[in-house]
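Undergrad: Please see the structure below; I have some questions.
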Amino acid sequence: MVDVFRRIGEKAKDLGEKAKDLGEKARDVTKEVTKRPSELLEITRLKIELSKLEKEKENNLNGIGTLVYQKYQGKENLDQEIERLCQQTKALEEEKAKIEEKINSFQPRPLICPDCKWELPAGGTYCSFCGKEAKEAEEVKEV
Ligand SMILES: [Zn+2]
């Protein structure tokens, strides 16, 4: 009798382990699924950052233009300010390049059609130029 209870107890423990396994698997799947939306969020954040930098760069270039014209008109002691704005703009461009690189690293490279070298649309299945299937294109590219 005690034996039966022990066996039932072991069985229950077994089932418990299995349930835990399933729970972990379910969590793994959830991780897979939630990966993409967070990537999209990150890309969106980076793109907002990028447009901010672009605006800043435009402002700087406007400022430089104004200063250069003032200098042309004979205003003095502007060189330092022009130099400062140029340096700042260059730094902004470097920052922009870094962010663009990051955004590109998130997005898979588009496939190239093996026949006509046409760049296939993102997520597209067929070459929009000659109609060859993108899947084939990928296989050929790997060879
Ligand atoms: Zn093609």
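FYI, it's all coordinate maths here, none of it is from the lab. From a predicted model like this one, the values you see are computed outputs, not experimental measurements. Cβ: placed from backbone, ideal geometry, glycine included. Neighbour counts: every protein chain shown.
Undergrad: Which of the peptides 68-75, 84-91 is most tightly packed, and how do the rest follow, judged by the mean count of other Cβ atoms within 10 Å per residue? Show your work: numbers first, answer last.
TA: On the way: 68-75: 10.6, 84-91: 14.8.
Descending mean neighbour count gives 84-91, 68-75.
Undergrad: For residue 126, what residues show an amide H to amide H distance below 5 Å, using hydrogens built from the backbone and excluding near sequence neighbours?
TA: Here 134 satisfy the definition.
Undergrad: Which of rounded, prolate, oblate describes the stretch 73-131, given a ≥ b ≥ c as roots of the alpha-carbon gyration tensor eigenvalues and a/c under 1.5 marking rounded, otherwise prolate only if a/b is larger than b/c?
TA: Numbers: a/c = 6.57, a/b = 3.16, b/c = 2.08.
Prolate.
Undergrad: Here's another thing I want to ask about it. Which entries of 57/98; 55/75; 47/117; 52/90; 55/98 show an alpha-carbon separation above 19 angstrom in the structure shown?
TA: Working: 57/98 15 Å; 55/75 27 Å; 47/117 29 Å; 52/90 15 Å; 55/98 16 Å.
In this structure, 55/75; 47/117 exceed 19 Å between Cα atoms.
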